[in-house]
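What follows is calculated from the coordinates using simple rules that are stated; it is not laboratory data. In this text, all values refer to a predicted model and were calculated from it rather than measured experimentally. Every residue, glycine among them, receives a Cβ derived from its backbone with ideal geometry; neighbour counts consider all protein chains shown.
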């Protein structure tokens, strides 16, 4: 069972993200659509650990879906007038960059810089040199590789990832508010509707969905 714990601050919502996700970058650039005065708490998580927990593959781990995903992200960015460059390799290992962000306890300005490094500058922060460049891009003082390697940074990222899993998060980007999840860039509109009327899921056909029975289940063999 997943936790349905509500956010402690009714005027704040948590946003779970991984730097590997182009759709998290796209959603971040749509935050101006959200109600003014809303406090967004950005929380870095390791998508790979979340996918492993639920037994899922990431979009880039399915051959035909990988190219489709990249094309869709590039097209959406162009349609929205957002500067966008896929990094030189993808998927990449975001672990050290995420640990650095977890250690920083990032505000949205820092998170924007981090995503710009990946999806505007087109850099993959997965080598020693790139991590140092990433740290300078975020204006982190000292050796970025050392910060990313600190045990406290590792523990904090693990804590945030476990928190997300405990709340039922199964992908990124995901907003969590009032125990409800809003997954993906395309859920931004539904989140806005919910924030304007928090009885949205209790109404009419929406309410029925929570008790809809399962009609058939596939027998999935995992080898």
> What is the distance, in nm, between label points placed 7 Å from the Cα along the Cα-to-Cβ direction at residue 128 and at residue 143?
Replying inline: 0.9
> Roughly speaking, what is the stretch gain from residue 217 to residue 61, that is 0.36 nm per residue apart minus the C-alpha to C-alpha distance, in nm to one decimal?
Replying inline: 53.9 nm
> Helix 108-119 versus the longest principal axis of the chain: what angle, 0 to 90°, nearest 10, using Cα atoms?
Replying inline: 70
> Seen from all sides and averaged, what is the projected area of the convex hull of the Cα atoms in the chain, in nm²?
Replying inline: 14.1
> If you take the Cα atoms of the stretch 126-220, find Rg, then find the Kirkwood Rh from the mean of 1/r over all pairs, what is Rg/Rh?
Replying inline: 1.15
> For the residues 15, 75, 183, what sequence is obtained by ranking on other C-beta atoms within 10 Å, fewest first?
Replying inline: 75, 183, 15
>> Test of understanding: ordering 82, 220 by Cβ neighbours within 10 Å, fewest first, what list do you get?
In response: 220, 82
> Could you put 18, 197, 32, 178 in order, starting from the residue whose Cβ has the fewest other Cβ atoms within 10 Å?
Replying inline: 32, 197, 178, 18
>> If you fit an axis through the alpha-carbon atoms of helix 63-80 and take the longest principal axis of the Cα set of the chain, what angle between them do you get, 0 to 90°, nearest 10?
In response: 90
> In units of 2.2 N^0.38 Å, what is the alpha-carbon radius of gyration of the stretch 24-81?
Replying inline: 1.42
> Can you tell which of 184, 171, 81 shows the greatest fluctuation in a Gaussian network model of the chain with Cα springs below 10 Å?
Replying inline: 81
> Pairing the Cα long axis of helix 95-104 with the longest principal axis of the chain, what angle in degrees results, from 0 to 90 and rounded to the nearest 10?
Replying inline: 90
